[in-house]
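The structure appears right after this line, and notes come after that.
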Amino acid sequence: MDGTQFLQQIINGLTLGSLYALIAIGYTMVYGILRLINFAHGDVLMVGCYLAWFGAVQFGLPWWAALVGSMALTALLGVLIDQGAYRPLRTAPRISALITAIGVSFFLENLGLVIFGGRPKAFERPEIFNQLYQIGELRVLSHSVWVPIITALVLAGLLWMIYRTRLGMAMRALSRDLVTVQLMGIDTNRVVAITFAIGSALAAAGGIFWAMKYPQINPLMGVLPGLKAFVAAVLGGIGNVVGAVLGGLVLGFCEIMLVALWPEMAGYRDALAFVLLIGFLLFRPTGILGQELPS
Amino acid sequence: MLEVRNLGVRYGGIQALQGVDLTVAQGEIVCLIGANGAGKSTLLGAVSGLIKPTAGAIAYEGRPITGHKASRLSRQGLILVPEGRRVFANLSVEENLILGGYFRPRGREQQADMAEVFDTFPRLAERRRQQAGTLSGGEQQMLALGRALMGRPRLLMMDEPSLGLAPLMVAEVFGVIRRIHQRGVTVLLIEQNAAAALAIAHRGYVLEVGRVVLSGSGQELASDGRVQRAYLGMD
């Protein structure tokens, strides 16, 4: 592999990693606050993609309007899932909520099959993300430039919110002690709802940019990115937003490098995420940035 | 100010409270004493809105509040300092205080409240940027009290504020409770340290297995033979 090819792979890894990161943020935020792995997160992403598809294809909206509209509606879906499925189980054993999350996941997938049909739909890449830049031997799609930039902006915005605003303060307090936060006059349901809204909106965005990369969507498309983003969140240290982005990038780079260095191993690409997951769970279960778990 | 009538709380098959009547008048210090498991914390939990009562009624400032959410009651000045302090260990001292006044208008008033808390607890001022988890037990109790004061309580409830503190610190906590009371805050408190609590309380209630078995003025209770034997360690 020469220098140009290497650089090419770095860019590919950065793009893929940023997509995992966008999706992993939602996993990690919900986990940070409720200690719940929201396994329906990937399917929420799928719904977000279909909403954007409807916006763009059926209603002829410009891409940015379809994106923003989908993010808003998907945020609403996330809030409704929390209120309908998870809130009644807030004081139940954690495993009940986890099983419910898997149930919500199956429900969304099958509802998607019924409503949208099983045949994939073509997802167009808007012009702005479809420019091809040629720098010497290097060929870069504008999509690969924008996605990492957007991810970096999202991360900066979230860190500002978590560490510099009162809402973020309430979130950090809530992640430690759901009961005592109520004694501060804080409506915990509202804070949790906002968390689901943000996570789901980012899942929609991540999914839409994902669909622009592999330009088709189907009702089961959320499963693999969802699981891999979950792995990314664990790699980075679940509950930690910076960790989610870091974990996403690590996973993205590892996958791309596996395929680049050993093309004959390309078929194991999806398995790699789970090998990494098992390795981390064995040797560093708190993830790259994870701290000692509070007892 | 607070009126509890025939209150009952059940956890599954266990009757934690039964037929509890209790009143707290404006300006009083009222204390609950009783053994572990007598239902004292459950009673404060029910009044503060953290625990749903299964029977009875609670009124605060003349309005029924039975079953209201804890966050709503805190905003109305009915504030609980929970057992074990429960400061937010991952937040700074200052952030803990801001959360205590989360629902109040931001800006000058909040600044003034915080200055007042720092005035009452100079140790907190020194450590305002420090993570609350790094404070000593006594300092955490000060922070828990200061955090509650940030919400401008009218009725302040405290669950075992002296638990696990060194004797010198216990005396300081009781001094602070008295000062808070002098500023016009009504106090309802649970104490293991019955002697110290009855010394500052106007009235007290004795709980046993979920029922009020005795009530009276602080002096009456302190001189009652049963209380002396069971809670004051006298023969």
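The values are calculated or read from the model by the stated rules, or taken from the named source; none is laboratory data. Owing to the predicted nature of the structure, the values given are computational and were not obtained by experimental measurement. Positions of Cβ are generated from backbone atoms using ideal geometry, with glycine treated the same way; all protein chains shown enter the neighbour counts.
Exactly one residue among A:Thr100, A:Thr74 is of a type in the set (Ser, Thr, Tyr), closer than 18 Å to A:Met221 by Cα and assigned to a helix (DSSP H, G or I), and that residue is A:Thr74.
Within the stretch B:1-21, the residues that satisfy the criterion of being crowded, with 16+ Cβ neighbours inside 10 Å and either touching a Pro at 6+ places or on another chain (Cβ under 6 Å) or among the small types (Gly, Ala, Ser) (or both) are B:Leu7, B:Gly8, B:Val9, B:Ala16. Based on this model, can you work out whether B:Val47 counts as outside any loop (DSSP other than H, G, I, E, B), more than 14 Å from every other protein chain (Cβ to nearest Cβ) and surrounded by 20 or more Cβ atoms within 10 Å (Cβ to Cβ)? No. Selection of the stretch A:244-267 for residues being surrounded by fewer than 13 Cβ atoms within 10 Å (Cβ to Cβ) and among the aromatic types (Phe, Trp, Tyr) yields only A:Trp262. Listed by position, the helices (runs of 4 or more DSSP H) contained in the stretch A:133-220 that have at least 3 residues being within 14 Å of chain B (Cβ to nearest Cβ), free of Cβ contacts under 8 Å to residues at least 60 places away in the same chain and over 30 Å from A:Phe6 (Cβ atoms) are A:166-176, A:178-182.
Listed here are the residues, each with its yes/no results for (1) over 30 Å from A:Met257 (Cβ atoms); (2) in contact with a Leu (Cβ under 8 Å, 6 or more places away or on another chain).
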position: A:Thr15; (1), (2): no, no
position: A:Tyr20; (1), (2): no, yes
position: A:Ile23; (1), (2): no, yes
position: A:Gly26; (1), (2): no, yes
position: A:Val44; (1), (2): no, yes
position: A:Gly60; (1), (2): yes, no
position: A:Pro88; (1), (2): yes, no
position: A:Glu109; (1), (2): yes, yes
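Screening A:Leu61 against (1) under 20 Å from the mean Cα position of the chain (by Cα); (2) farther than 20 Å from A:Met29 by Cα; (3) surrounded by fewer than 18 Cβ atoms within 10 Å (Cβ to Cβ) leaves a single unmet condition, (1). Entry remark, the stretch B:96-108: residues being touching a residue at least 12 places away in the same chain (Cβ under 8 Å) and more than 20 Å from the chain's Cα centre (by Cα) number 1 in total.
Can you confirm whether B:Ala144 is part of a helix (DSSP H, G or I) and out of contact with any helix residue (DSSP H, G or I) (no Cβ under 8 Å at 6 or more places or on another chain)? Judged against the criteria, B:Ala144 is a match. The number of residues in the stretch B:181-213 being hydrophobic (A, V, I, L, M, F, W, C), part of a helix (DSSP H, G or I) and in contact (Cβ under 8 Å) with a residue 40 or more places away in the chain comes to 4.
If a residue must be assigned to a helix (DSSP H, G or I), basic (Lys, Arg) and at pLDDT 90 or above, how many such residues does the stretch B:90-138 contain? Residues that pass the stated criteria total 1.
Looking only at the stretch B:120-149, residues that are under 21 Å from the mean Cα position of the chain (by Cα) and closer than 16 Å to B:Arg179 by Cα come to 11 in all.
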